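Quick notes on the structure that follows.
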Amino acid sequence: MRLPAGRLRWLIAVVLPAALILAAVVVFRACAPGDTGDIVVVASGDMACDPTDPKFNDGAGAGDWCLQRQVSDIAVALRPDLVLGLGDYQYELPTAAAYEDVYGTSWGRLKEITRPALGNQEYKVVYANTFRSYFGEHSGPPEGYWSYDVGPWHFVVLNSNCTSVKGGCALGSPQQAWLEQDLAANDSRCVVAYWHHPRYSNGIAGPDLRTKDLWDTAVRHHVEMVLSGHEANYERFPRLDGQGRASEQGTRQFVAGVGGQVHYRPTDADSPWRSQLPPLRSEYVNYDAAGVLALTLKDGSYDWSFHTSTGAVLDQGSETCH
């Protein structure tokens, strides 16, 4: 396969581990050959508004809704090497036409460097077929979990739609067993995992117990951070262990489900699935802005920042990998 020119070069290989489900390993080479510069990453989920929603407003949005163009403008301006899609790319029904007309004209400008995880919206179409058709080979293997490397960093994409992925997400499932094997074989010091539904969150749905065993596996193998969408806010947690307690040996949860569709406070929405659990102690949370999580990945460390659709930077920090 001919490698495309530009800031990101890639090669796809499909592998079948013994007794495990088909998975894909994608090996990236960031920047030009021999270039050892930092890797600029943008991550966000819950992006493009339903084009039949009155708040779509011919793509201009209204209030806190339908800001996919404004948020994607910020993402484009950051000139990322890689975009991590955290799920729910096109609301409300992700038809092929909506993908092309709404997601495609906003976030789709970064399609070739986007590596997407599956969200629940994608499964509103049987087998998430329009998602797979739109993203093509970048959508990964059918079950939606795979891994790849960019420079010294290892990335793991997981499928948190536990009732849709074969075998679910629990301990001993094909997905969890594959994750265990992938992380055990990995020799990168710095690892990012991402999936749609956050294990820890103070959003409307709260902590997601379905992903507990995936989280525990990540913590056990010293994964540096887990990125998720789904919740209509931005939030950053400290490093947490398997019980959600702060631990320097734990994994940091970022939530960034504010890619344009909507953002709101949990108390603003009347929902039967509102979390009844007590609030968790996070280090930063913002319910009032759409935007993106930006990461600058270095050899052994990383910087993070939250960039809003208006251009403000509201959360910044740095961390050394385990």
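A short reminder: the numbers here are calculations on the coordinates, not readings from a lab. Because the structure is predicted, anything quoted here is derived from the model rather than measured. All Cβ positions, even for glycine, are placed from backbone atoms using ideal geometry, and neighbour counts span all protein chains on display.
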Burial order of peptide ranges 181-187, 160-166, 146-152 (average beta-carbon count within 10 Å, highest first): 146-152, 160-166, 181-187
Dividing the alpha-carbon radius of gyration of the stretch 163-294 by 2.2 N^0.38 Å (N being the number of residues), what value is obtained? 1.05
Set the Förster distance to 30 Å, then compute FRET efficiency between Ala97 and Ala62 from the Cβ-Cβ distance, nearest 0.05. 0.90
Compute the distance in nm between two label points, each set 7 Å from the Cα along the Cα-to-Cβ direction, one at Asp299 and one at Asp241. 3.4
If I model a spin label as a point 7 Å beyond the Cα along the Cα-Cβ vector, how far apart are those points for Arg210 and Tyr284 in nm? 2.9
Counting Lys and Arg as +1 and Asp and Glu as -1, what is the net charge of the other residues whose Cβ lies under 9 Å from the Cβ of Asp288? 0
Between Glu319 and Asn129, with labels modelled 7 Å along Cα→Cβ, what's the label distance in nm to one decimal, could you check? 4.0
Between the alpha carbon centres of the stretch 173-250 and the stretch 61-130 the gap in Å comes to 23
Violations at 28 Å Cα threshold for listed pairs Lys166/Lys298; Lys55/Lys212; Lys55/Lys298; Lys111/Lys298 -> Lys166/Lys298; Lys55/Lys212; Lys55/Lys298
Kirkwood hydrodynamic radius, the chain, all distinct C-alpha pairs: what's the number in Å? 19.4
Calculated from DSSP helices alone, with each H run of at least 4 adding -39500 (n - 2.57) and the total divided by the residues of the chain, [θ]222 nm to the nearest 500 comes to -3500 deg cm²/dmol
Show me the trypsin sites (Lys or Arg not before Pro) within the stretch 224-263 that DSSP assigns to loop and that have at most 16 other Cβ atoms within 10 Å of their Cβ. Arg245
